[in-house]
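Notes for the one structure printed next.
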Amino acid sequence: MLSNLGNILLFSKVLLSLTIIYFSYQCIKSSSVIIFKKIYQISLLQSTLVLGCFFTLIAAYVVSDFSLINVYQNSHTAKPLLYKISGTWGNHEGSLLLWIIILTIFSFLFLIYNNKHPKNYRLYTLIIQNVLILGFLFFILFNSNPFLSLSPIPKEGLGLNPILQDPALAIHPPLLYLGFVGSSIYFSAAIASLITNYSEKSFAFSIKNWVLISWGFQTLGILVGSIWAYYELGWGGFWFWDPVENASLLPWFAMTALFHSLLVLEKRNLLYFWVIILCLITFTLSVTGTFLVRSGILNSVHTFASDPSRGIYILSFLSIMIFGSLFLLLNKYRKENKLIYSNSKETFVLINNWFMMFYLLTVLVGTLYPIFTDALTNNKISVGPPFYNTVILPVVVIFLFFMAIGPKAKWIKNRFDNLGCFALFLFLALVVNFFIIYFFKSFTILSNLVIISSLFLIFSSFFDLVNSILKSRFDLARTISHLSFGFLVLFIGLNHNFSIEKDFNMRVGEVKSFDNYEIQLQNLELKTYNNYKAIIGNLKIKNYVLKEERTLNPEIRIYDNPQTLTYEAAIKTNFIKDYYLTMSNIDRSEFYNIKFQKKPLMIWIWISVAMLVFGGFLRIFKNAKIN
Amino acid sequence: MKKFWRKLVKNKLFFLTFVFFFTTLSAQEKSIDQNQIFKNLRCLVCQGQSISDSNSDFAQTVKLVVNDLIEEGKTEEEIYSFMAEKYGDWIIYRPQLNKQNFMLWFLPYAFLIGGGLIIFYLIRKKREKA
């Protein structure tokens, strides 16, 4: 029953999209100054239906309706309710439905919130957006339909991979998709702007909040994914330069470059075509990322949904998108002739874009290169963290200096004040760095350069913060974001430098000591839960210097549906450091492998990212107020 | 007044470079540790995990082999070459600089320099016009 309802809703959505395109086209042709009322009404109906469709699928998951293949493959009656619901978008088909929702709702909101902009520009945006919606709808209908039915109806489902049964992972996909798919709206707007020659500052104004919104959610999505990886994978790291993580980072770089360039377009009516290019590549990269992940081309922790036939469809869709927009762009391109002074703010925005493009291309090359070597020479290579660290880190040092100096430059003018301040900040950064080396006895040239440059950015942004409060000229959003970024890099650097890692094979009752620590495997407990059994270790860690004692309980879990073994890390967090402990059994022996890690300042990395996003949202609220 | 500031900036910069080099020289580089090597090797039987992060039998074996090689006095590079020869390039996370991987290491820097040239060109041209 739910299967039929879902399919009917999907089909009616196709019809509605076509109707919207038709009426929009009529409206553009007509002499009417305003947009037909029925276009608004149909858009609203479309958004309502798409939500209805999604709730239908959620309902199927909640009542465990195994007559749907999708539910049968990804759910189980014994699963907690939260994970039944989040299971809806924890698989390929369901997550595509989420894509459509975001495409549709952003389309509707863009239509109603941009009523000050020209009619044709808005209508073309609506048309392009609906073409995208149709593209994904056809994909769902012909290749990845979540409402396909199954008979005879099975009694029980296959269950969801246990490491995906997690609160962070329940919200990770929706957040990330708001970023990924949210970028579609300025893709459409960019094309509409090219078609209608709507290239003034007000174009920048119409998309800038949308860029910030998608950027904010993208960042949050990455943050939540990273936190999940940290406590769930049990490896103790939070970023692995895994191809899928890279896929989420690529559009992030493009968005970051984009909202900086938009400032220039808005203030000086410059860089229009560059802004358009960035709009186009952001969404293109999002779809590329999806293509790479879903087609199974890339080997990664995320290959939960791979199937070559999907790849071919997305690849063709992607090609049409790229060549279509490229063709239009080349057709409309014309030269800009305006002045940029070398010390002006415009230059520094360009420098920001320069670095963002460098990061983007480096990560892109690193992600795609193994595919090429595999195809051309049959030799598979791995491009892992050491590659990215070697190539990117030295550049980050220079980037942070520019990031500190840039905001102090003036628009148009070729002048700089406060040179003395910079010398002072550099001096302070060097002093702090010196103390870090002196007291903690850790030194490598690169990591200390990273620490110095991030401290330089922190001092400089902090100075701005104080200054803007004193002069009550509140440009808080930018200052907070730049400050948090400085802190983020600093904490990552310190965390990397001062992490401790040890592993031991221990028997129950055994004690091991190292550095200032002593660790004891006291006993093991066996517990049975609703959908898994757990072996819980009881470990005591003593720190001689701080005279503190902590008990940590890592687990080995044996899940029933599907049968899997997972290792749950035990983490004790405080503001200074995290203790991170994992335990695993060694086959055919009474030993357990215990891995101990000390991760300093871990929580501050999360807080920095959260503050970075806070800065972004603050800017959105300010923009909304001005409106 | 302006001159005074400029002088101060100059002196400070001089002093700062001095401090920086002093700190650079006085501190010592860490010696190579086995964890570093474990981190750079992929666990072939796992999904995207390094030897250091994994508890699989394969990882345990490789750890023992690496420790033996270190004791034999092999350098980090020699250990990677050994591993690559035995298991293929797939096992090393840091691709070696050779003919095949030349573009991988070269392209990012080419982009960096190319981008810089574009910006330089943009700004300079505009200045000449003015």
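Could you check how many residues of the range B:64-97 are in a helix (DSSP H, G or I), open to solvent by less than 20 Å² (accessible area, probe 1.4 Å) and at the interface with chain A (Cβ under 9 Å from one of its Cβ atoms)? Going through the range B:64-97 one residue at a time, the tally reaches 1.
Here A:Ile227, A:Ile207, A:Ile191 are screened, and the one residue that is surrounded by fewer than 22 Cβ atoms within 10 Å (Cβ to Cβ), touching a residue at least 40 places away in the same chain (Cβ under 8 Å), not small (Gly, Ala, Ser) and not assigned by TED's automatic domain parsing to the domain that holds A:Leu68 is A:Ile227. The single condition among (1) touching a residue at least 60 places away in the same chain (Cβ under 8 Å); (2) more than 24 Å from B:Ile92 (Cβ to Cβ); (3) open to solvent by 20 Å² or more (accessible area, probe 1.4 Å) that A:Leu364 does not meet is (2). Considering A:Phe485, A:Phe491, A:Phe462, the condition of being aromatic (Phe, Trp, Tyr) and more than 24 Å from the chain's Cα centre (by Cα) is satisfied by A:Phe462 alone. When A:Phe238 is tested against (1) touching a Ser or Thr at 6+ places or on another chain (Cβ under 9 Å); (2) of a type outside the set (A, V, I, L, M); (3) open to solvent by less than 20 Å² (accessible area, probe 1.4 Å), only condition (3) is not met. Mind listing whichever residues of the range B:46-86 are free of Cβ contacts under 8 Å to residues at least 40 places away in the same chain and among the charged types (D, E, K, R)? Matches in the range B:46-86: B:Asp53, B:Asp57, B:Lys63, B:Asp68, B:Glu71, B:Glu72, B:Lys74, B:Glu77, B:Glu78, B:Glu85, B:Lys86.
Candidates are the residues of the range A:410-461 that are more than 30 Å from A:Ser344 (Cβ to Cβ) and part of a loop (DSSP other than H, G, I, E, B); the one that is modelled with the highest pLDDT is A:Thr444.
A:Ala570 satisfies every condition listed in (1) under 18 Å from A:Ala229 (Cβ atoms); (2) within 14 Å of chain B (Cβ to nearest Cβ); (3) surrounded by 15 or more Cβ atoms within 10 Å (Cβ to Cβ) except (2). Using the structure shown, decide if A:Gly216 is of a type outside the set (Val, Ile, Thr), open to solvent by less than 20 Å² (accessible area, probe 1.4 Å) and not in a helix (DSSP H, G or I). Spelling it out, it is not the case that A:Gly216 is of a type outside the set (Val, Ile, Thr), open to solvent by less than 20 Å² (accessible area, probe 1.4 Å) and not in a helix (DSSP H, G or I). Is it the case that A:Lys84 is assigned to a loop (DSSP other than H, G, I, E, B) and buried (at least 21 other Cβ atoms within 10 Å of the Cβ)? Answer is no for this residue.
Please tell me if B:Ala59 is assigned to a helix (DSSP H, G or I), at negative phi and modelled with pLDDT of 90 or more. Considered against the rule, which asks whether it is assigned to a helix (DSSP H, G or I), at negative phi and modelled with pLDDT of 90 or more, B:Ala59 comes out as no.
Do you know which of the residues in the range A:373-390 that are closer than 19 Å to B:Ala110 by Cα and open to solvent by 30 Å² or more (accessible area, probe 1.4 Å) is farthest from the other protein chains (Cβ to nearest Cβ)? If you could, list the steps in order and put the result at the bottom.
Going residue by residue through the range A:373-390, those that are closer than 19 Å to B:Ala110 by Cα are A:383, A:387-390.
If we keep only those that are open to solvent by 30 Å² or more (accessible area, probe 1.4 Å) too, we end up with A:389-390.
Details: A:Asn389: 9, A:Thr390: 7 Å.
Here the residue is A:Asn389.
The values are calculated or read from the model by the stated rules, or taken from the named source; none is laboratory data. Note that the structure is predicted; figures quoted are calculated from it, not measured. Glycine also receives a Cβ, built like all others from the backbone with ideal geometry; neighbour counts cover every protein chain displayed. To get the accessible areas, we keep the full protein, side chains included, count just its heavy atoms, and leave off ligands, DNA and RNA. Shrake-Rupley method; radii C 1.70, N 1.55, O 1.52, S 1.80 Å.
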